[in-house]
Structure formats: structure tokens, C-alpha cells
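Below is one structure, written out as C-alpha cells; the observations come after it.
The values are calculated or read from the model by the stated rules, or taken from the named source; none is laboratory data. Since the structure is predicted, the reported quantities are computational estimates derived from the model, not experimental observations. A quick note on method: Cβ atoms are made from the backbone with ideal geometry, for glycine too, and the neighbour counts reach across all protein chains shown. The area values use the complete protein model at the heavy-atom level, side chains included, leaving out ligands, DNA and RNA. Shrake-Rupley method; radii C 1.70, N 1.55, O 1.52, S 1.80 Å.
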Amino acid sequence: MPAGIPAGTLALLLVISLLSGIGITAVGPGGIFVTIALYALTDLPPATIVGTASATFIATGLVGTAGYYRSGELGSHGGPRSAGVLSVTGLVGALSGVRLSAFVSRGAFGLLLGGLVMVTGVLVFYRSGYGTGGASYDTTSTRGTLGVAAVGTFVGISGGLLGVGGPVLTVPLLVALGVPMLFAVGVAQVQSIFIAAFATLGYVVRDAVSWALVVAIGVPELVGVVLGWRVAQAVDADRLTRFLAVLMLLLGPYIALH
């Protein structure tokens, strides 16, 4: 079994990975559940958890980007510019996060991850209730570009340090600023490729990536990404978004105290 994980635990990880993939492209928050599952269900050290999760997010970002390019969100006004700003700043942040991870114990990792889960839950809940309005935030203006850059840097640091995919934070933050949801999900897919790639590289150097586990959980995750993109194009995601928000708010304290 990959990384010595029992068959029953691995089967549960595969199911969670499938659902996580759906979340990544349907509403943004999704990849974080892979990191949570690896932390809660295995005895892997934090570096291996983050390195393994990050490696799967490279593939999900590529597939998600292809989907949102096909449906037109990435070709819309400001799409390429916003994706580029998010990617460059996210890359710098990810490298910083990988460096910081060397100073984080497993206990501190759980506290940070739990806190981030709760904050993300609040952001997602806010987005579901108040952040679904029109495109009132111009991402092509100087002010808009600086806002996108700030989001990219913060998300990059979080990704490199805690192994959370770009969309989990980028989408709720952008939509809270006033960016349309599908546009935010689309540009976040591009950013996630760069954050995940450079975070993974940092952990490969430290020999902290379980490639067998990457393949095992990555396949159902990719299936979920395709399904999630279809859901996003066809379904009003407000109810699912609120469910995810409540789930994150409940999971946060559990992870922090686990």
C-alpha cells in the first residue's frame, strides 16, 4: 500500500479525493480536504502531507484550467491578466511558504491548518450570502491589480506552508472583493498550477513527496475536477457552498485539537 497506509484508510482517501476534486472546480474550496484527510487519517509528517497534496494539485490545476478556458471564463476581459498576476505572486509566496514549513512541527501544523479551515469557512459562507453580485471590482485597474496581487501572495504562502490548493482561498477572497464566482474559479485554476508546481519542487528536494500516494489519490481527484466543472456550468452552487462553509467551520476546531 502507498506509504504503508491500510487498505480501508486508502479507500476512504480515494473517496475524499473524488469529492475534493468536485469542490475544486465547482465552488473553489475542495483541495484542502485532501490535505485534511492526509493529516487526520495518516501518520505522515507535515512535509510529506504538503508535498504529496501539492503534487496532485498540479494536475487538477491543468485540467481545471482547460475546462474554464473551454467554457470562456479565462478568455473574458481581464482573465489572462488576473491569472498572470495571481500566478506570479502566488509563485513567490509558495517558495516562501516552503521555507517556513521547515520550522513548523506537526502540532503547529495542525493548529495552523485548523485555523485556516475555519477562516476559509467564514469566507465561503460570506461569499454564499453576499459575494455573488456582479463584476463591481475591476481587476484591470491599478487598484484592482494590487488587490489581486495581495490575494496571490497570501494564497501562495498558505499553499507552500500548509498544502492547500490555490482555489480554496483565492476564490472566496476574490469573490468577497466583488469578482464574479466563475471568473474567480477559472483564474484560480491557473494560479494553482504554479503554486503547486513550485511547492512540490521544494518538497521533492527534501524527499518529502510520496509519488505512489500522489497517483493513488490523484486519479479520483482528476475525475472529480471534470465532474465539478460540469456542475459549475449547470447548477446554482449556493447550497453546496453553504454546506462546505458549515463543514469547514466544524472541521477547523477538530483539526486544530487533533
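When you look at residue 252, is it part of a helix (DSSP H, G or I), open to solvent by less than 10 Å² (accessible area, probe 1.4 Å), at pLDDT below 80 and not aliphatic (A, V, I, L, M), yes or no?
Numbers: part of a helix (DSSP H, G or I): yes; open to solvent by less than 10 Å² (accessible area, probe 1.4 Å): yes; at pLDDT below 80: yes; not aliphatic (A, V, I, L, M): yes.
Yes, satisfied.
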Looking at the range 96-111, can you tell me whether even one residue there is modelled with pLDDT under 75, more than 19 Å from the chain's Cα centre (by Cα) and of a type outside the set (Gly, Ala, Ser)? yes
Let me confirm something: among 145, 56, 48, 120, which residue is polar (S, T, N, Q) and in contact with a Gly (Cβ under 8 Å, 6 or more places away or on another chain)? 56
Which residues, counting only those in the range 39-63, are crowded, with 24+ Cβ neighbours inside 10 Å and either of a type in the set (Val, Ile, Thr) or closer than 13 Å to residue 183 by Cβ (or both)? 49, 50, 52, 56, 60
For the range 64-83, name all the residues that are open to solvent by less than 70 Å² (accessible area, probe 1.4 Å) and either touching a residue at least 60 places away in the same chain (Cβ under 8 Å) or among the charged types (D, E, K, R) (or both). 64, 65, 67, 68, 71, 73, 74, 76, 78, 79, 82, 83
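For the range 1-94, please list each of the helices (runs of 4 or more DSSP H) lying entirely inside it that holds at least 2 residues being modelled with pLDDT of 90 or more, more than 27 Å from residue 254 (Cα to Cα) and among the aromatic types (Phe, Trp, Tyr). Step through it out loud before you land on a result.
On the way: elements: 7-26, 32-41, 46-70.
Where helices (runs of 4 or more DSSP H) fall fully within the range 1-94, none carries at least 2 residues being modelled with pLDDT of 90 or more, more than 27 Å from residue 254 (Cα to Cα) and among the aromatic types (Phe, Trp, Tyr).
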Can you pull out the residues in the range 204-229 that are crowded, with 24+ Cβ neighbours inside 10 Å and either without any contact (Cβ under 8 Å) to a residue 12 or more places away in the chain or farther than 14 Å from residue 13 by Cα (or both)? 225, 228, 229
Only one of (1) surrounded by fewer than 24 Cβ atoms within 10 Å (Cβ to Cβ); (2) modelled with pLDDT of 90 or more fails for residue 177. Which number is that? (2)
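Listed residues 157, 193; which is closer than 25 Å to residue 15 by Cα, at pLDDT 75 or above and outside any loop (DSSP other than H, G, I, E, B)?
Working: 157 fails: closer than 25 Å to residue 15 by Cα.
Answer to the check: 193.
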Let me spell it out: the conditions are (1) open to solvent by 10 Å² or more (accessible area, probe 1.4 Å); (2) touching a Gly at 6+ places or on another chain (Cβ under 7 Å), and residue 8 meets all of them except one. Which number is the exception? (2)
So how many residues does the range 84-109 have that are open to solvent by 20 Å² or more (accessible area, probe 1.4 Å) and either under 25 Å from residue 225 (Cα atoms) or aliphatic (A, V, I, L, M) (or both)? 11
With 51, 31 as the choices, which residue is under 26 Å from residue 247 (Cα atoms) and either free of Cβ contacts under 8 Å to residues at least 40 places away in the same chain or in contact with a Pro (Cβ under 7 Å, 6 or more places away or on another chain) (or both)? 31
